[in-house]
Amino acid sequence: MQQGRSHDCRNHGGNYILLRDEDPRLTKFDQRLPCFGCGIGWSCLLLGFLFPLTWYCAAILYLCKYYDKDPRERSGLAACAIAALVCTILAFIVVAVIFF
């Protein structure tokens, strides 16, 4: 085995350069997620503890399959949808206890 060689590099006159991915779809996920790298879903989940309406907005994004644009958003948006569901159930319980 020759020293200094790698499987993902080519030798160009003694200088090694990295090969690029041939499929541009593979480089799609090299970019950071929006909202400081957390993604819209997780940011909405954290912001929802202050303003619960954001959970419902993120749940609508989840139901409209916004995560098809970037699958990394799916878990955060699903967490917001679950938080919105729990918030709705708790609101119904509180209203039922107050009025009945």
Out of all the residues in the stretch 19-29, is one or more at pLDDT 85 or above and either surrounded by 12 or more Cβ atoms within 10 Å (Cβ to Cβ) or among the acidic types (Asp, Glu) (or both)? no
For the stretch 68-80, what are the residues that are farther than 14 Å from residue 34 by Cβ and free of Cβ contacts under 8 Å to residues at least 24 places away in the same chain? 68, 71
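The values are calculated or read from the model by the stated rules, or taken from the named source; none is laboratory data. Everything numeric in this text was worked out from a predicted model, so none of it was measured. Glycine gets a Cβ as well: all are built from the backbone with ideal geometry, and neighbour counts include every protein chain shown.
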